[in-house]
Amino acid sequence: MDAISPSAIALHNVARRFVTPDGNVLSALEDFDLTIAPGEFCAVVGPTGCGKSTTLGLIAGLAKPQAGRVTLFDAPVDGVDRRVGFVFQQDAVFPWRDVLGNVMAGPLFRGVPRQKAEAEARDWIVRVGLKGFEDHHPHQLSGGMRKRVALAQTFINNPQVLLMDEPFSALDVQTRELMQEELLQLWAQAKSAVLFVTHDLDEAILLADRVAVLTTRPARVKSVHAIDLPRPRDVATLRYDERFIAIARKISDDLREEVLRARAGH
Amino acid sequence: MTETAIPTTAPEPKLETLVERMRRRARLVLALRLAVLVFLIGGWELGVRAGLIDPFFFGQPSGIVEKLIDWFSNGTSIGPLWKQIWVTIYEAGAGFLIGAVMGILCGIALGRNQLLSDVFSIYIKVANSIPRVVLGSIFIVALGLGAASKIALAVVMVFFVVFANAFQGVREADKNLIANARILGASDWQMTRAVVIPSALSWILASLHVSFGFALVGAIVGEFLGAREGMGLLIATAQGSFDSNGVFAAMIVIAVVALIAEWILTMIENRLLTWRPETTVHE
């Protein structure tokens, strides 16, 4: 499955290794292959600590691979790319800026005139449902609202490639469902290629076109499953659908094997 | 096993009594504080009057008050009191400003640049371990008896504290925030302004609190070593004429100056850090 069709994100035989403080070499990724088409929503699941976040760092240009090739739209990644958006697991909104300041940060960094940036930001604040909170600081918002700020902050840059690192894992179940719904709507309009890392298999199936299961460290792609559930999907009810359950069962067998291996290895 | 009835009418603590209790406690604390003050000062004064404490060496509260009144109304032996206070504030303030600005700039520059910090960190450590007050003698020789030598000493006292904190604050900046800013498109300079400085700010402001005290110490020690005016000279003069009350009186004046500066710095801090969550109020 080499890239004959155009790819938004491609990793070929990628390896990423770390030197631990006591001088050992720790391999996070080895022979890692994954291709994501423009506009595709791909989720990645795997045992904890298997190197899922490392993958995102490589694509974002925050780190370099020791071997292999990482490309964005068939051009090698060299530093942070402007077409990439990243939603972090932890809060990464700026605590000293209010909501408006946070959302307009991207355009301002990229040289958009202040007035235009502010107008765009106000528009995005409305779209993520935070109207009226423009001048609140992050500590005055709930966890879900801070995530909305992070989404607006990312989507305002109009990313063609969206990387998400367990973005909803810190939220309670109800809020998480709302945010998943919200994300699907935003994605349907933005049509970006998404790589969504999660440890929650249900979440992966609910959101993605394809789910890639990773092996325990060093991570490789163990298997890729196409999720042929029709869109638009109803996050609240889909998980009770028979087809959903059948897919979940199949992937979860795959995943459990790796989780058990990871546990045996430690 | 027998079932026992659980009393359902647990007495609910009334909010009003809770508030009342808190108020009573606050009043108690205040009263006890005053009692401690009265006990110490009163004990001192009584001790002197009973002949247990020699006022020649240890002064006497009523004597200190008289001294202060005398200084304020008739001036001191080296000129009007206000003039001496002003000179010391000027020296400490100028030293504080220069030292703080230099410390912040150097701290951020070294915190942001790995090579610079690797090269200079060893020298900073060495310089920091030298008792810097000793430099006062050199400054007096090089810069003379005027304000410049005291300002220089205050700068040296302030610089290292502020520098170390600014440097640490820059280093402690949240890696996630830095990654986020980079992906959002920030250049190095934008990163410094939007992420690094705001996150180092609480460290820097904390160091400013401590270092104004150091600036005062620098100015006063400089005046001890050689000066024509200032609170340090006033203390040295009082010491020279075995006037314990004069030393204590000057100490009180300096303490008041330090407290006012502290209060101003706290106001500035609250102004700059409005984004922080409200912490529970102490005191």
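Data overview
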{"item": "Relative exposure of A:Phe73, B:Phe242, A:Phe41, judged by other C-beta atoms within 10 Å (fewest first)", "result": "B:Phe242, A:Phe73, A:Phe41"}
{"item": "GNM flexibility winner over chain B from B:Ala35, B:Ala166, B:Ala200 (Cα, springs under 10 Å)", "result": "B:Ala35"}
{"item": "Candidates B:Ile252, B:Ile140, B:Ile183, ranked by Gaussian network fluctuation over chain B, Cα under 10 Å, top entry", "result": "B:Ile183"}
{"item": "GNM flexibility winner over chain A from A:Asp253, A:Asp200, A:Asp98 (Cα, springs under 10 Å)", "result": "A:Asp253"}
{"item": "At 1.306 mPa s and 10 °C, Stokes diffusion of chain A via Kirkwood alpha-carbon radius, µm² per second", "result": "82 µm²/s"}
{"item": "Label zone at A:Gln174, where the point sits 7 Å out along the Cα-to-Cβ direction: segment A:111-145 residues whose backbone N lies under 16 Å", "result": "A:142-145"}
{"item": "For segment B:153-258, the fraction of alpha-carbon pairs in successive 10 Å shells from zero, as %", "result": "14, 30, 21, 15, 12, 7, 1"}
{"item": "DSSP H segments from chain B that extend 18 Å or more along their own axis, Cα-based, with Kyte-Doolittle mean of 1.6 or above", "result": "B:147-171, B:197-225"}
{"item": "Mean Cα-pair separation over length for segment B:67-272, i.e. relative contact order, pairs under 8 Å, 6 or more apart, %", "result": "28 percent"}
{"item": "At q = 0.09, 0.15 Å⁻¹, base-10 log of I(q)/I(0) for segment A:123-266 (Debye sum, equal scatterers on each alpha carbon)", "result": "-0.32, -0.84"}
{"item": "Degrees, to the nearest 10: A:143-155 long Cα axis against longest axis of chain A", "result": "90 degrees"}
{"item": "Ratio of the Cα radius of gyration of the protein assembly as shown to 2.2 N^0.38 Å, where N counts its residues", "result": "1.36"}
{"item": "Global form of segment A:111-166, assessed from the alpha-carbon gyration tensor, a/c cut-off 1.5", "result": "oblate"}
{"item": "Alpha-carbon Debye profile of segment A:67-126, log10 I(q)/I(0) at 0.15, 0.21, 0.27 Å⁻¹", "result": "-0.61, -0.92, -1.15"}
{"item": "More than 23 Å apart - percent of Cα-Cα pairs taken over segment B:88-231", "result": "41 percent"}
{"item": "Folded to 0 to 90 degrees: helix A:242-265 orientation relative to chain A principal axis, Cα", "result": "70 degrees"}
{"item": "Pairwise label distance in nanometres, A:Arg122 with B:Leu105, each label 7 Å out on the Cα-Cβ vector", "result": "4.0 nm"}
{"item": "Global geometry of chain B, whether rounded, prolate or oblate, following the gyration tensor of its Cα atoms and the 1.5 cut on a/c", "result": "oblate"}
{"item": "Partner chain coverage, peptide B:184-191 - average Cβ within 10 angstrom", "result": "5"}
{"item": "Whether segment B:4-147 is rounded, prolate or oblate, judged on the alpha carbon gyration tensor where a/c under 1.5 counts as rounded", "result": "oblate"}
{"item": "Fewest-first sequence of A:Phe109, A:Phe18 by Cβ atoms within 10 Å of each Cβ", "result": "A:Phe18, A:Phe109"}
{"item": "With eigenvalues of the C-alpha gyration tensor scaled by 5 and rooted, segment A:165-225, Å", "result": "22, 15, 9"}
{"item": "0 to 90° range, to nearest 10: angle between helix A:173-190 axis and chain A longest Cα axis", "result": "80 degrees"}
{"item": "Distance between modelled label sites at B:Tyr90 and A:Asp74, nm, 7 Å Cα→Cβ extension", "result": "7.5 nm"}
{"item": "Nearest-0.05 FRET efficiency for B:Ala255 and A:Asp200, computed from C-beta distance (R0 60 Å)", "result": "0.50"}
{"item": "Net length gained if the chain between A:Val259 and A:Gln140 were fully extended (0.36 nm per residue, minus Cα distance)", "result": "39.0 nm"}
{"item": "Exposure proxy ranking, count of Cβ atoms within 10 Å, fewest first, for A:Ser7, B:Ser187, B:Ser117", "result": "B:Ser187, B:Ser117, A:Ser7"}
{"item": "Fraction of beta bridges assigned by DSSP in the protein assembly as shown that are antiparallel (%, nearest 5)", "result": "55 percent"}
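No value in this document is a laboratory result; all are computed from the given coordinates. Everything quoted here is computed from the prediction, not taken from an experiment. Cβ atoms come from the backbone with ideal geometry, glycine included; neighbour counts cover every protein chain shown.
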